[in-house]
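Colleague: Encoded as C-alpha coordinates, here's the structure I'll be asking about.
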Amino acid sequence: MHLRSYNEMTYASRINKKESRTVMTLYFLSELYFVVLLQHIHIYSLWETTLWTTLSSGSYIMTCVLFALALSIPLILADAPSAFRNSRIIPDLISTPPYNQVDVFYKTGFKAEQGNRAQLDEVQSKPDLKWEGDDNLYYTLIMTDPDTPSFIREFLHYLVVNIPGSKVSNGDVFFSYFPPSPPPGAGYKRYVFLVYKQDSKISDNAAPDRRAGFSTSKFAEENNLGNPVYGNFFTVQA
(Lines give C-alpha, C1' and ligand atoms only; values in the text may rest on other atoms or scores of the structure.)
Protein backbone atom coordinates (compact mmCIF):
# COMPACT_ATOMS: atom_id res chain seq x y z
CA MET A 1 0.00 0.00 0.00
CA HIS A 2 2.80 2.38 0.94
CA LEU A 3 4.74 1.44 -2.20
CA ARG A 4 1.70 2.18 -4.37
CA SER A 5 1.20 5.56 -2.75
CA TYR A 6 4.87 6.36 -3.24
CA ASN A 7 4.72 5.38 -6.94
CA GLU A 8 1.58 7.49 -7.43
CA MET A 9 3.25 10.48 -5.80
CA THR A 10 6.38 10.01 -7.92
CA TYR A 11 4.26 9.82 -11.10
CA ALA A 12 2.32 12.94 -10.15
CA SER A 13 5.56 14.77 -9.43
CA ARG A 14 6.90 13.87 -12.86
CA ILE A 15 3.69 15.09 -14.51
CA ASN A 16 3.87 18.38 -12.62
CA LYS A 17 7.51 18.87 -13.62
CA LYS A 18 6.68 18.08 -17.24
CA GLU A 19 3.81 20.55 -17.26
CA SER A 20 6.02 23.14 -15.62
CA ARG A 21 8.68 22.76 -18.32
CA THR A 22 6.00 23.01 -21.01
CA VAL A 23 4.55 26.13 -19.48
CA MET A 24 7.94 27.82 -19.23
CA THR A 25 8.74 26.89 -22.84
CA LEU A 26 5.48 28.46 -23.96
CA TYR A 27 6.26 31.52 -21.90
CA PHE A 28 9.66 32.11 -23.46
CA LEU A 29 8.32 31.50 -26.97
CA SER A 30 5.51 33.96 -26.42
CA GLU A 31 7.90 36.53 -24.97
CA LEU A 32 10.16 36.23 -28.03
CA TYR A 33 7.17 36.56 -30.38
CA PHE A 34 5.99 39.71 -28.65
CA VAL A 35 9.42 41.34 -28.54
CA VAL A 36 9.78 40.94 -32.30
CA LEU A 37 6.21 41.75 -33.33
CA LEU A 38 5.23 44.37 -30.78
CA GLN A 39 8.48 46.14 -30.07
CA HIS A 40 6.84 49.53 -30.57
CA ILE A 41 3.49 48.66 -28.96
CA HIS A 42 2.92 49.65 -25.35
CA ILE A 43 0.85 46.61 -24.42
CA TYR A 44 3.98 44.55 -23.80
CA SER A 45 4.11 45.29 -20.09
CA LEU A 46 0.42 44.40 -19.69
CA TRP A 47 1.00 41.08 -21.49
CA GLU A 48 4.01 40.24 -19.34
CA THR A 49 2.16 41.02 -16.10
CA THR A 50 -0.87 38.97 -17.14
CA LEU A 51 1.21 35.99 -18.18
CA TRP A 52 3.33 35.98 -15.01
CA THR A 53 0.16 36.17 -12.93
CA THR A 54 -1.25 33.21 -14.83
CA LEU A 55 1.94 31.22 -14.39
CA SER A 56 1.97 31.95 -10.67
CA SER A 57 -1.56 30.63 -10.34
CA GLY A 58 -0.48 27.35 -11.94
CA SER A 59 -3.11 27.51 -14.69
CA TYR A 60 -1.61 25.45 -17.50
CA ILE A 61 -4.71 25.65 -19.69
CA MET A 62 -5.03 29.42 -19.37
CA THR A 63 -1.37 29.87 -20.27
CA CYS A 64 -1.86 27.88 -23.45
CA VAL A 65 -4.92 29.99 -24.29
CA LEU A 66 -2.95 33.20 -23.84
CA PHE A 67 -0.15 31.89 -26.02
CA ALA A 68 -2.62 30.97 -28.76
CA LEU A 69 -4.14 34.45 -28.58
CA ALA A 70 -0.68 35.99 -28.91
CA LEU A 71 -0.06 34.08 -32.12
CA SER A 72 -3.41 35.17 -33.55
CA ILE A 73 -2.78 38.91 -33.24
CA PRO A 74 -3.64 40.51 -36.62
CA LEU A 75 -0.84 41.47 -38.96
CA ILE A 76 -2.02 45.09 -38.87
CA LEU A 77 0.12 45.44 -35.77
CA ALA A 78 3.20 44.90 -37.86
CA ASP A 79 5.38 47.94 -38.53
CA ALA A 80 5.31 49.85 -41.82
CA PRO A 81 8.43 48.29 -43.42
CA SER A 82 7.18 44.74 -42.83
CA ALA A 83 3.67 45.54 -44.05
CA PHE A 84 4.98 47.20 -47.22
CA ARG A 85 7.16 44.21 -48.02
CA ASN A 86 4.54 41.60 -47.20
CA SER A 87 2.01 43.35 -49.46
CA ARG A 88 4.51 43.70 -52.32
CA ILE A 89 4.35 47.49 -52.32
CA ILE A 90 8.07 46.91 -52.31
CA PRO A 91 9.14 46.44 -55.08
CA ASP A 92 5.90 47.09 -57.02
CA LEU A 93 5.82 50.80 -56.15
CA ILE A 94 8.98 51.86 -54.31
CA SER A 95 12.30 50.27 -53.47
CA THR A 96 12.78 51.45 -49.88
CA PRO A 97 10.04 51.36 -47.22
CA PRO A 98 9.01 54.23 -44.97
CA TYR A 99 9.99 53.57 -41.37
CA ASN A 100 7.19 55.60 -39.80
CA GLN A 101 3.42 55.56 -40.15
CA VAL A 102 1.24 58.38 -41.42
CA ASP A 103 -2.15 58.22 -39.71
CA VAL A 104 -5.08 58.23 -42.15
CA PHE A 105 -8.55 58.92 -40.75
CA TYR A 106 -11.84 59.09 -42.63
CA LYS A 107 -14.98 60.81 -41.36
CA THR A 108 -16.83 57.49 -41.61
CA GLY A 109 -14.64 56.16 -38.80
CA PHE A 110 -12.39 54.09 -41.03
CA LYS A 111 -8.67 54.26 -40.24
CA ALA A 112 -5.93 52.86 -42.47
CA GLU A 113 -3.87 50.26 -40.61
CA GLN A 114 -1.09 49.02 -42.91
CA GLY A 115 -3.23 46.97 -45.26
CA ASN A 116 -6.61 46.55 -43.57
CA ARG A 117 -9.63 46.28 -45.85
CA ALA A 118 -12.01 49.18 -46.44
CA GLN A 119 -15.50 49.30 -47.92
CA LEU A 120 -15.79 51.74 -50.81
CA ASP A 121 -18.42 53.84 -49.06
CA GLU A 122 -16.01 54.34 -46.14
CA VAL A 123 -13.32 56.11 -48.17
CA GLN A 124 -15.17 58.46 -50.50
CA SER A 125 -14.43 61.70 -48.68
CA LYS A 126 -10.99 63.28 -48.27
CA PRO A 127 -9.23 61.85 -45.20
CA ASP A 128 -7.42 63.63 -42.40
CA LEU A 129 -3.72 62.80 -42.28
CA LYS A 130 -1.30 63.21 -39.41
CA TRP A 131 2.43 62.63 -38.99
CA GLU A 132 5.25 64.00 -36.85
CA GLY A 133 6.34 66.74 -39.20
CA ASP A 134 8.89 69.46 -38.57
CA ASP A 135 7.19 72.86 -38.98
CA ASN A 136 10.43 74.25 -40.43
CA LEU A 137 10.41 71.75 -43.30
CA TYR A 138 8.20 71.03 -46.30
CA TYR A 139 6.68 67.66 -47.15
CA THR A 140 5.02 65.99 -50.14
CA LEU A 141 1.97 63.74 -49.79
CA ILE A 142 1.14 61.12 -52.42
CA MET A 143 -1.81 58.74 -52.54
CA THR A 144 -1.56 56.31 -55.41
CA ASP A 145 -3.00 53.06 -56.75
CA PRO A 146 -0.29 50.73 -58.10
CA ASP A 147 -2.81 48.09 -59.21
CA THR A 148 -4.08 49.69 -62.42
CA PRO A 149 -3.39 47.87 -65.73
CA SER A 150 0.30 47.72 -66.55
CA PHE A 151 0.04 50.04 -69.56
CA ILE A 152 -1.38 52.78 -67.29
CA ARG A 153 1.09 52.07 -64.47
CA GLU A 154 -0.10 53.96 -61.41
CA PHE A 155 -3.20 56.05 -60.93
CA LEU A 156 -2.68 59.17 -58.83
CA HIS A 157 -5.42 59.81 -56.27
CA TYR A 158 -3.99 62.70 -54.26
CA LEU A 159 -0.90 64.90 -54.54
CA VAL A 160 -0.03 67.80 -52.25
CA VAL A 161 3.41 69.43 -52.10
CA ASN A 162 5.06 72.13 -49.99
CA ILE A 163 3.22 71.04 -46.85
CA PRO A 164 4.61 72.91 -43.83
CA GLY A 165 5.11 70.35 -41.09
CA SER A 166 2.00 68.17 -41.25
CA LYS A 167 -0.52 70.90 -42.13
CA VAL A 168 -1.85 69.38 -45.36
CA SER A 169 -4.43 72.14 -45.77
CA ASN A 170 -1.60 74.68 -46.08
CA GLY A 171 0.19 72.83 -48.86
CA ASP A 172 -0.04 73.28 -52.63
CA VAL A 173 -2.54 70.86 -54.15
CA PHE A 174 -1.41 69.48 -57.49
CA PHE A 175 -4.24 66.94 -57.61
CA SER A 176 -7.21 66.97 -55.25
CA TYR A 177 -8.48 63.83 -53.56
CA PHE A 178 -9.99 61.33 -56.00
CA PRO A 179 -11.75 58.52 -54.11
CA PRO A 180 -11.16 54.85 -54.89
CA SER A 181 -13.59 53.66 -57.56
CA PRO A 182 -12.40 50.33 -58.96
CA PRO A 183 -14.60 48.69 -61.60
CA PRO A 184 -16.51 45.53 -60.63
CA GLY A 185 -14.29 42.48 -60.82
CA ALA A 186 -11.07 44.48 -60.50
CA GLY A 187 -10.13 42.30 -57.54
CA TYR A 188 -7.64 43.21 -54.85
CA LYS A 189 -6.57 46.87 -54.87
CA ARG A 190 -3.99 48.67 -52.75
CA TYR A 191 -4.24 52.38 -51.99
CA VAL A 192 -0.94 53.72 -50.73
CA PHE A 193 -0.14 56.93 -48.83
CA LEU A 194 3.45 58.16 -48.87
CA VAL A 195 4.97 61.25 -47.27
CA TYR A 196 8.34 62.59 -48.44
CA LYS A 197 10.55 65.22 -46.86
CA GLN A 198 11.52 68.01 -49.27
CA ASP A 199 14.90 69.71 -49.51
CA SER A 200 13.26 72.85 -50.86
CA LYS A 201 9.93 74.11 -52.23
CA ILE A 202 8.58 72.45 -55.36
CA SER A 203 7.50 74.74 -58.19
CA ASP A 204 4.19 74.51 -60.02
CA ASN A 205 6.08 73.42 -63.13
CA ALA A 206 6.74 70.06 -61.44
CA ALA A 207 3.04 69.14 -61.44
CA PRO A 208 2.28 65.95 -63.43
CA ASP A 209 0.13 66.27 -66.54
CA ARG A 210 -2.47 63.70 -65.51
CA ARG A 211 -3.41 61.12 -62.91
CA ALA A 212 -3.19 58.02 -65.13
CA GLY A 213 0.36 56.90 -65.83
CA PHE A 214 1.81 58.63 -62.79
CA SER A 215 5.07 57.27 -61.39
CA THR A 216 5.84 57.78 -57.71
CA SER A 217 9.50 56.86 -58.08
CA LYS A 218 9.96 59.16 -61.08
CA PHE A 219 8.28 62.11 -59.35
CA ALA A 220 10.41 61.56 -56.25
CA GLU A 221 13.59 61.38 -58.32
CA GLU A 222 12.79 64.47 -60.38
CA ASN A 223 12.14 66.52 -57.25
CA ASN A 224 15.00 65.17 -55.10
CA LEU A 225 12.63 63.70 -52.51
CA GLY A 226 14.71 60.67 -51.64
CA ASN A 227 12.86 57.85 -49.88
CA PRO A 228 9.48 58.20 -48.17
CA VAL A 229 9.64 58.91 -44.44
CA TYR A 230 6.01 58.07 -43.61
CA GLY A 231 3.61 55.58 -45.15
CA ASN A 232 0.36 53.67 -44.80
CA PHE A 233 -2.14 51.87 -47.01
CA PHE A 234 -5.47 50.10 -47.12
CA THR A 235 -7.02 47.61 -49.52
CA VAL A 236 -10.33 47.26 -51.32
CA GLN A 237 -11.83 44.11 -52.81
CA ALA A 238 -13.85 45.06 -55.90
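The values are calculated or read from the model by the stated rules, or taken from the named source; none is laboratory data. All figures in this text were calculated on a predicted structure; none of them were measured in a lab. Neighbour counts run over all protein chains shown; Cβ positions are idealised from the backbone, glycine included.
Colleague: Among the residues of the range 150-176, which ones are touching a residue at least 40 places away in the same chain (Cβ under 8 Å) and on the phi > 0 side of the Ramachandran plot?
Modeller: Listed by number, the residues that qualify are R153, N162.
Colleague: Is it true that R117 is within 25 Å of S82 (Cβ to Cβ), among the basic types (K, R) and touching a residue at least 60 places away in the same chain (Cβ under 8 Å)?
Modeller: It is true that R117 is within 25 Å of S82 (Cβ to Cβ), among the basic types (K, R) and touching a residue at least 60 places away in the same chain (Cβ under 8 Å).
Colleague: For the range 137-152: of the residues being modelled with pLDDT under 95 and surrounded by fewer than 18 Cβ atoms within 10 Å (Cβ to Cβ), which is nearest to S176 (Cα to Cα)?
Modeller: Among those that are modelled with pLDDT under 95 and surrounded by fewer than 18 Cβ atoms within 10 Å (Cβ to Cβ), it is I152.
Colleague: Does any residue in the range 213-224 that is modelled with pLDDT under 95 come within less than 6 Å, Cβ to Cβ, of a residue that is outside any helix (DSSP H, G or I) six or more places away or on a different chain, and which pairs are these?
Modeller: G213/I152; G213/R153
Colleague: Further question: Show me the strands (runs of 3 or more DSSP E) found entirely inside the range 170-238 where at least 3 residues are in the same structural domain as D145 (by the TED database) and closer than 21 Å to G133 by Cβ.
Modeller: Once the strands (runs of 3 or more DSSP E) in the range 170-238 are filtered for at least 3 residues that are in the same structural domain as D145 (by the TED database) and closer than 21 Å to G133 by Cβ, what remains is 172-175, 188-197, 230-237.
Colleague: For the range 130-140, name all the residues that are over 16 Å from S217 (Cβ atoms) and of a type outside the set (D, E).
Modeller: Result: K130, W131, G133, N136, L137, Y138, Y139.
Colleague: Moving on. Scan (1) free of Cβ contacts under 8 Å to residues at least 60 places away in the same chain; (2) of a type in the set (A, V, I, L, M, F, W, C); (3) more than 17 Å from S215 (Cα to Cα) for the single condition L137 breaks and write down its number.
Modeller: (1)
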